[in-house]
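Down below is the structure, laid out as C-alpha cells.
The values are calculated or read from the model by the stated rules, or taken from the named source; none is laboratory data. In this text the structure is predicted, and so the values were computed from the model without any measurement. FYI the Cβ positions are ideal-geometry reconstructions off the backbone, even for glycines, and counts take in every protein chain you see. Accessible surface areas use protein heavy atoms only, side chains included; no ligands, DNA or RNA. Shrake-Rupley method; radii C 1.70, N 1.55, O 1.52, S 1.80 Å.
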Amino acid sequence: MSSDENETSSGVPEDAHAGAGRYRLGDVANIVSHHSADEIDSIESDAAFSPLSSRLHQMFPSLSAREIERMRPFGFETTWKAGETLFTMGKPSPGLVVILSGLVRVARRDAMGKLHRVTDQHAGHFLGEIAQLYGHPCLGDGHAIEDTKGLVVLSPQLRSLLVAEAELGEKIMRALILRRVGLIESGSGPVLVGDTSDAHMISLQSLLRRNAYPYSIIDAGSEPDTVALLERISACKADFPIVICPDGTVLRAPDENQLAAHLGWLPEFDPIHVYDVVIVGAGPAGLASAVYAASEGLSVAVFDSRGPGGQASASARIENYLGFPTGISGQALTGRAFVQAQKFGVHISIPTRVRALHCDRMPLEVELADGKRIASHTVVIASGAAYRKPAIEGLDRLTGHGVFFGTSPVEAKLCRALDVVVIGGGNSAGQGVVYLASQANHVHLLIRGRELESSMSRYLIDRIARLPNVTLHTETEVVSLSGDESSLTAVNCKSPQGDVSFDVKHLFIFTGADPNTDWLEGCNVETDDKGFIRTGSSVHDGYEDVDLTLETSVPGVFAIGDVRSGSTKRVAAAVGEGAAVVGQVHGVLRERQRLTGGAR
Ligand SMILES: Cc1cc2nc3c(=O)[nH]c(=O)nc-3n(C[C@H](O)[C@H](O)[C@H](O)COP(=O)(O)OP(=O)(O)OC[C@H]3O[C@@H](n4cnc5c(N)ncnc54)[C@H](O)[C@@H]3O)c2cc1C
C-alpha cells in the first residue's frame, strides 16, 4: 500500500491541522501588509514544511520534456519579467503554471504579515496546489526572480488534463495534495482571532478543518493582552471571532457562509444551465454518485450544508470499509472522494444548504438557502441523517458550550487531560470513546441498556474493555445538564444506584440518527413513519425495462444512503447506492429523450 493511503484526506493527514500556526502577541495590524519585490530576496525559508521533508521529491517533482509536451495542448505560454508577480495570496488563481525557463519564488504570509519562503522553482517544475484544481483563490505569493516563461493551465483544463493523462495526472495530483498538507501544517490561510472555547470560534475552526483548508489561531482567551492589542482592529466583544483573510480583509464574527464566500469557495452557477443531475448531500452516498455520474459524462452539481464526508467524516477510524486493512479515518476516505469528484468536473458548493425541492415543474428545481434556484433533469437526495437530540433539560442552552454531537480533533483538543462523558451505545459512540480516550484523562460511557453487545460491534467492545481510562455505566440515563451561560459544569443522571452527577466540562452525544428531510416539506416525496424516504416499487410503477429501485414517489427524484428507508446504515452501502443510482438516472434521461423525441 502506498504511504499516501492512510495519511491523506483530500490528501490531508488527519492531524495536519494539529501543527497549524498559533500566534502569540504581535503587531496584528501588520498582517495586512504588502511586500516590495526587493523584500522577496530576503525571505526566510519555511521550516514548518519539515514533517513532509521525506516527500519533497513528490511535493515538488520535476517534469520531463516529454511530460511538458503532453501538457501543452491544455495550456498557453506567458512570460513575466524578473520582479513581476505571478500570483498573489487571496487573489484569483491564474491556474497551474509549468515553468519553461527562469526562476520563481513561492512564499506564504503568516499572521504577522511576514513572508516565508516555501520553495524556489525553476524550469521543469510547476506551481500550484489543490486550490488551482478547484479554481479557488491562491494561498501563496509567486514572484519571478529571473525573467520567466511559463505554460499556464487554467483550472478547467487542469481537470481535463488529470482525467486524460492518468500517469502524469497522478504525479501532479499527488504534488497538489502534499502542498496543501504543507500549507495546513504551516498555518497559512486565514487567521482566526478569538477565544478557542467559544462556540462560534469552534464552528469556524470546524468548517475550515472539515474542508481541509489551512488556518491559524490567535487565542484571545488564553492571551488577554492580545485583546487589548486587537482593539486596533475592533474594540467590540461582539465582533469576535475576527477572521483576517488571506487577501487582507478583516471579517467580524462572520458566519460559516460568509467566511466560505469570502474565501472564494462558493462557485457561481449559471442561472440558465440545466444539470443532468443535482445531488443534495456530499456524504459517502452523494460523493459516490457525483464521481460515477461525472466520470460517465453527466453534468453534475452537488450541495452540502456542512462539508464533504457527512457522518463518515466524524469517524476517527473506519475499520470495516473494504480495502483498508489498517482502517482509515472517515475524513481521509471522503476527502479523497471530494478531490476525485472535483477532478471529474463536478460543480460543488459547500457550505450551501438546500432549503426546498420544487417537483411540480420540469426541469426540477432545488432552492438554495439564499433563494437561488438550480434546475436539473433529475435530483438525487443523499442528505443522510443527523444525531437525534435526546430530551435532556439544559441541552439546547449548552450545545456548543461543552456539549457536542459527535467529535472531531477540534473538540477533542479542548478536553485534553480532562474527564468527559459520552452518551450512546452504537458503533459511532464506540469509535468516539476510543478516540477521546487517547486525549482525555477519563471517559465515562453512559448507556441506557444493560450491555453494549446488542448495539456495538464486537471489536469496539473489546477495544473499549482494554482501555484503562474508560468506565462503562449501564442503565444510566442523563436527565439534565448543569452549567452557566458559557459552559457545562455537570451531567446529572438516573441510575439503579440512584441519582448520580459527573462534574465534567465536556459531554459528547452519539445517540440514534434522524433523517435530514425537513427541507423536503411541501413536495410529494413519500417517507415512512420515521421520516426516511421510500423508494422503488412500493411508491411508483416505474417504466418498463428500467431499473428504478432507488427512485422516490416523484419521477426523476432518487434517494440513496442513510436517508433512504430500509438502507443499510454503513459507508459501503451508501457508496454502493451512490454508484447504482447513476445507472437509474441514465435510464430516466434516456426514457425522457425517447418520449420527447430527443429533448430531455
Ligand atoms: C461517528 C460515526 C462513525 C461511523 N463509523 C462507521 C464505520 O466505522 N463504518 C461504517 O460503515 N459506517 C460508519 N458510520 C455510518 C456512516 O458514516 C453512514 O452510514 C454514512 O455516512 C451515510 O452516508 P450518506 O451519504 O448516506 O449520509 P451522510 O453521511 O449523513 O451525509 C449526508 C450529507 O448531507 C448533507 N445535508 C443534509 N441536509 C442537507 C441540505 N438540506 N442541504 C445540503 N446538504 C445537506 C449533510 O451535511 C451531510 O454532509 C459512522 C457514523 C458516525 C456518525
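Things to note:
- Count of residues meeting criterion [open to solvent by 50 Å² or more (accessible area, probe 1.4 Å) and of a type outside the set (Phe, Trp, Tyr)] in the range 441-470: 13
- Residues considered: 416, 458, 450. Of these, the only one that is within 15 Å of the ligand (Cβ to nearest atom) and of a type in the set (Lys, Arg) is 458.
- Filter result (open to solvent by less than 20 Å² (accessible area, probe 1.4 Å), within 16 Å of the ligand (Cβ to nearest atom) and part of a helix (DSSP H, G or I)) within the range 379-410: 410
- Looking across the range 569-588, the residues that are more than 8 Å from the ligand (Cβ to nearest atom) and at pLDDT below 95 come down to 587, 588.
- The one condition in (1) more than 24 Å from residue 371 (Cα to Cα); (2) in contact (Cβ under 8 Å) with a residue 12 or more places away in the chain; (3) part of a loop (DSSP other than H, G, I, E, B) that residue 523 fails to fulfil: (1)
- Selected residue (only one of 254, 325, 284 is within 15 Å of the ligand (Cβ to nearest atom) and either under 20 Å from residue 206 (Cα atoms) or at pLDDT 95 or above (or both)): 284
- Subset of the range 262-275 [surrounded by fewer than 22 Cβ atoms within 10 Å (Cβ to Cβ) and more than 16 Å from the ligand (Cβ to nearest atom)]: 262, 264, 268, 270, 271, 272, 273, 274
- For the range 364-375, a residue qualifies if it is under 25 Å from the mean Cα position of the chain (by Cα), more than 10 Å from the ligand (Cβ to nearest atom) and surrounded by 23 or more Cβ atoms within 10 Å (Cβ to Cβ), and exactly one does: 374.
- The single residue among 62, 36 that is at pLDDT below 90, surrounded by fewer than 21 Cβ atoms within 10 Å (Cβ to Cβ) and in the same structural domain as residue 152 (by TED's automatic domain parsing) turns out to be 36.
- Taking the range 94-169 as the region of interest, the strands (runs of 3 or more DSSP E) fully inside it that hold 1 or more residues being hydroxyl-bearing (Ser, Thr, Tyr) are 96-101, 115-122, 148-153.
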